[in-house]
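Bear in mind that the values in this text are calculations on the coordinates, not laboratory data. It should be emphasised that the depicted structure is a prediction, and the values quoted were computed from it without experimental measurement. FYI the Cβ positions are ideal-geometry reconstructions off the backbone, even for glycines, and counts take in every protein chain you see.
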Amino acid sequence: MKNCKRCGFQLTNDANYCSKCGTSVKETRTEEFKVSADELVKTVKKLIHEGNVRKILIKDEKGKTLIEIPVTIGVVGTILAPWLAALGVIGALATNCTIVVEREKK
């Protein structure tokens, strides 16, 4: 048996999500990319289309998280549009950003 990494609830070995808090119990890895504000929206779009991304965080030059985008299967079109608009505003305010990408381990 394994435990949820978020709440500690005991899970069955075949569980994909915690039945108590809903957290995914799949193993993840993170990557960081430094990009200029001009490349922010373009890079995030590319990452979303790759398909194995679970979450994207955008941080400013000081490391402060500006926005966290949960990426799920089926995030397309009108659901994605508000996130991209917000990224456009962040790109206008920040000069350099760090994109932190959480992916599922294969």
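What the Cβ-Cβ distance of residue 1 and residue 30 gives, at R0 = 25 Å and to the nearest 0.05, is a FRET efficiency of 0.45.
Any chance you could list the semi-axes, whole Å, largest first, of the equivalent ellipsoid that the Cα gyration tensor gives for segment 19-61, using √(5λ)? List each step's numbers first, then the result.
Numbers: eigenvalues 127, 30, 17 Å².
For segment 19-61, the ellipsoid semi-axes come out as 25, 12, 9 Å.
On full extension, the segment bounded by residue 42 and residue 65 gains 6.4 nm, given 0.36 nm per residue less the C-alpha separation. Close amide-amide hydrogen proximity is noted between residue 67 and 58, each under 5 Å apart and 5 or more residues distant or on a separate chain (H modeled in the peptide plane; Pro and chain starts excluded). Around the Cα centre of segment 1-44, unit charges on the Cβ atoms of Lys, Arg, Asp and Glu (plus for the first two, minus for the last two) sum to a dipole of about 280 debye. Distances between placed amide hydrogens fall under 5 Å for residue 17 paired with 25, all partners being 5 or more residues away or on another chain.
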